[in-house]
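No lab work stands behind these numbers, since they all come straight from the coordinates. Note that the structure is predicted; figures quoted are calculated from it, not measured. Every residue, glycine among them, receives a Cβ derived from its backbone with ideal geometry; neighbour counts consider all protein chains shown.
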Amino acid sequence: MIHALPASLLLLVHLTATACGILVIRKYRWDWPVPAAMLGGLALVGLTAFSFAAGDPPPGHLFADFRIAYYLAGQAVLQHNDALRALVDRGVFGFVNLPIVAYLFAPLGMLPLHIAMVLFTGIGLGLAATAWWLLVRLADLHGRERWLLLFLFAMNGPLLYSVKEGNTSHWILFALALALALLQSGRRFAAGVVMGVATVLKLPLALFGLYFALRRDWRATLGLAGVCATTVALSVIVFGWDFVVHWYDVCVRQFSSQWLAAFNVQSLQSFMLRWDIAPERLLDWTAAPPTPVRSIALYIAVVLVYCSAMWSGFLASFRAIGPARTTLEFLLVVALALLTSPISWSHYYAWLLLPAAFFLGSRSPFADAPAARVIGWAAILLTTPLVRSLDFTDPTFMAVYVDFGASYLLFGGVLWFGLIAWSLATPTLRKPYLQVPAAAQGDESTA
C-alpha cells in the first residue's frame, strides 16, 4: 500500500518520477508511430493517480479545507451571523476569507456534502486545466513543451495538495494566468478586476495593487481596488463593522506579530521561526511571537528582497516596453507575494507553475545563460515534490530537516525570484520574444 510507505520514501519516489518524466518527454522521438498525445496521456494518468494517492495530507481528511471551512461557511451564512462568526473564531482551522465571501459557497452548502465535494473538485480541476491551456498560449509552447508543462501540472505537489485539501489555490492559478493574458492584450481594467477577485480569495495577492499603482496603470489599479473595496463594503453592510474588525484581528492582523512554524507554511517568517524548535512544532498550527533577533532578521530579509525587486524593475525600465517585461514583472510580483506574506501555505506554490511555463518555452523571456537554465530547473524540482511532513529517527537529520529541509518550497520560490529579477535586469533574452501589438504599445505608453 502506498500509504504504508515512509513519507521520505514517497517524496523520493515522486521526485525521481518527476525527473525521469522530464527527461523522457524532453528526449522523446516525435516521429515514433505512437502519437505523443496518447503516450503522454497514458503516462499522466498513471503518474497522477500515484501522486494523488501518495499525497494524502497530514491534517487527516480528504478535502479538509472544504469540509471545515468553505462548506460549513456556505451553510452558516444561510443560518445566522453567529454561526459564521464561530467559524472565523477558529482561525486557520476555520473560515479565513472576508465574511461576504461565504455567500460564494452558499449554493454548495445547500447540497449534500459528497455531492458538494464532487462539484467543488470538478470546478477546480476544470479551472486548473484551463490555466494550463492559457499558459500554453501565453508562453507560446509547442510540441513537447506543452506536454512537458502538462506533466509538471500533473506532478506538482502544491497543486495536488490544494486539490486534496479542497482549497482554492488552484482556482487562483487560473485567475493569475487569465489576468496576465488580459494584461498582454491591453485589457488592463479587466485584468485588475480579475486580480481583485483573486485578492479577495487570497490576500497576499493584494501586492498587485501596489504594483499597478507603481506602474501608474490606473485602470488595473481601479479594477483591483474597486473589487476589494466593494467586497469590504458589502461585508460591513451585511455583517456589521464589529464583525469585519473581528475577522481582521483573528485572520489577518495577528499574523503580523505572530508566526506559524507548521511544515506546510512556506513563508520567510515560518522559515525563521523553525530554527531550533522541537520537531513536534512542525505539526502545530498555533501562532507564536518571534524573538526580537528573528524579527530583525526578517525585517532585513524583506528589505533586501524588495530592494532587489525594485532595482531589477529600475534596470528593466531602460529596456523596450513589451510582453517580455510585462510577463517578468507579473511573475516577480507573484514570487514576492509568496516570499513576503506572513502566511504562504504550501498550496500557494502551485502559482509558480506560471514561471515554469515561460521557462519551458523556446522563446522564453528568461536570461540567456547556462546558469539561468540550471537555476530554473532547480526551482522546478524544488517546487514540485509532494507536500509532506517527514520524520527521521536520527536526531541530526531531523534537526537539519526542521531548520532547512522543511522549507524546500520556499527555497524554490527564492530561486524563481532570483531568476526573474536577474532576467528583468539583464539586457538580453534567450530569443526574441513576442512582438508587441500596436494597441498594447499605445496602452503601455499611457499607463
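Quick notes on this structure:
- At most 12 other Cβ within 10 Å, DSSP loop - trypsin sites (Lys or Arg not before Pro), segment 174-218: 216
- Gyration tensor (alpha-carbon) shape descriptor, segment 219-342, a/c threshold 1.5: oblate
- Segment 2-446, dipole about Cα centre (Lys/Arg Cβ +1, Asp/Glu Cβ -1), debye to the nearest 20: 1160
- Considering only 343, 236, 421, and ranking their Cα positions along the charge dipole of the chain that arises from unit charges at the beta-carbon of Lys, Arg, Asp and Glu, the one farthest toward the positive end is 421.
- For the chain, modelled as a GNM whose springs connect Cα atoms under 10 angstrom apart, the maximal fluctuation among 292, 158, 204 occurs at 292.
- Cα centroid separation, segment 324-388 to segment 280-317: 18 Å.
- Estimated translational D of the chain in µm²/s (Stokes, Kirkwood radius over Cα pairs; 20 °C; 1.002 mPa s): 95
- Residue 115-residue 396 pseudo-label distance in nm [points 7 Å out on the Cα-to-Cβ vector]: 5.9
- The chain, helix-only ellipticity at 222 nm - DSSP H runs n ≥ 4, -39,500 (n - 2.57), divided by all residues, nearest 500: -20000 deg cm²/dmol
- Under 5 Å between amide hydrogens, built in the peptide plane, is the criterion, and for residue 259 it picks out 288 among residues at least 5 positions away or on other chains.
- The modelled label-to-label distance for the pair residue 218/residue 237, using points 7 Å beyond Cα in the direction of Cβ, is 2.6 nm.
- Longest DSSP-loop-exposure-free segment, chymotrypsin sites (Phe, Trp or Tyr not before Pro), the chain, at most 10 other Cβ within 10 Å: 31-317
- Axial C-alpha extent at least 24 Å, average Kyte-Doolittle at least 1.0 - helices from the chain (DSSP): 7-27, 36-54, 113-138, 218-239, 292-316, 323-340, 408-425
- Charge tally for residue 285 (other residues, Cβ to Cβ under 15 Å; Lys, Arg +1; Asp, Glu -1): -2.
- Spatial separation of Cα centroids for segment 59-106 and segment 252-269, in angstrom: 21
- Residues whose placed amide H lies under 5 Å from that of residue 345, excluding near-sequence neighbours: 266
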